[in-house]
Amino acid sequence: MPVSDKLTDMKPTDFKVIELIPQRPPMTMIDSLIFADERSAKGLLNIRETNLFCNEGFLCESGLIEFIAQTAAAYTGFKSKTSNRKIAEGYIGAIKNLVIHELPLVNSVIQSEIVIENEIIGYTIISGRVYKGEKLLAECEMRILEKKD
């Protein structure tokens with residue numbers, strides 16, 4: 001089987017998340033990318049007390065936003081890896097309609113879900129949600145600009 005066919009058959013769980021994202025410790029948050037298709041992805045995070053975005057026993061609002069952003073980065077990295085392209089950095093250009101319903105506790109496991117809504121003029125527009133089990137913790141729309149070399 002040609003290398004390109006092997007790459008396209010790979011699943012997100014075939015990669016360590018650090019291989020998919022440009023972030024490095026201590027900024028790395030997402031533990032794994034558990035699902036990806038043509039327009040969406042899901043990630044997992046075990047919230048550790050050492051997480052930079054934790055305060056007084058909770059993951060703070062900026063941590064929920066960063067988790068959504070890192071899920072989008074892991075999705076983009078997965079798509080790049082399986083297409084044999086270099087992983088690009090991205091920047092949050094704007095956040096709209098952010099609603100934080102509840103902050104999760106340290107030592108809990110949360111899941112993110114992103115959906116690619118549109119790609120236009122160098123921006124990728126996603127909708128992102130964070131859940132603990134079935135409970136919606138946060139949601140927003142994010143515009144992400146990919147860094148050009």
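Within straight cross-link reach of residue 86, meaning Cα distance under 16 Å, which aspartates and glutamates are found once same-chain residues fewer than 8 apart are removed?
Partners found: 19, 146, 149.
Order of 62, 80 from fewest to most other C-beta atoms within 10 Å? Kindly include the intermediate steps, with their values, before the conclusion.
On the way: 62 11, 80 14.
By the 10 Å Cβ count, ascending: 62, 80.
Please work out how much length the chain gains when fully extended from residue 38 to residue 106, using 0.36 nm per residue of separation minus the C-alpha to C-alpha distance, in nm with one decimal.
Numbers: separation 68, 0.36 × 68 = 24.48 nm, distance 3.21 nm.
Length gained between residue 38 and residue 106: 21.3 nm.
Full-extension gain between residue 18 and residue 61, please, as 0.36 nm times their residue separation minus the C-alpha to C-alpha distance. Each step should come with its number before you reach the end.
Values: separation 43, 0.36 × 43 = 15.48 nm, distance 2.30 nm.
Result: 13.2 nm gained on full extension.
Averaging sequence separations of C-alpha pairs under 8 Å and six or more residues apart, then dividing by the length of the chain, give the relative contact order as a whole percent. Please report the intermediate quantities before stating the final value.
Working: 300 pairs, mean separation 35.8, N = 149.
Over the chain, the number comes to 24 percent.
Here are labelled values, [x] 110; [y] 131; [z] 164, and one is the computed volume of the Cα convex hull per residue in Å³ for what I pasted. Which one?
Evaluating volume of the Cα convex hull per residue in Å³ on these atoms matches [x].
Obtain the nm distance between the two label points defined at residue 9 and residue 28 by a simple spin-label model: each point lies 7 Å from its Cα along the Cα-to-C-beta direction.
Here the modelled spin labels are 2.8 nm apart.
Which residues' amide hydrogens lie under 5 Å from the amide hydrogen of residue 137, considering only partners 5 or more residues apart or on another chain, with H built in the peptide plane?
130, 131, 132
Which order, highest average first, do 131-137, 39-45 follow once you tally other Cβ atoms within 10 Å for each residue and take the mean per peptide?
Working: 131-137: 13.4, 39-45: 20.1.
By packing density, highest mean first, the sequence is 39-45, 131-137.
Bear in mind that the values in this text are calculations on the coordinates, not laboratory data. This one's a predicted model, so the numbers in the text were calculated from it and none came from an experiment. Using ideal geometry, Cβ is built from the backbone for each residue, glycine included, and neighbour counts are taken over all protein chains shown.
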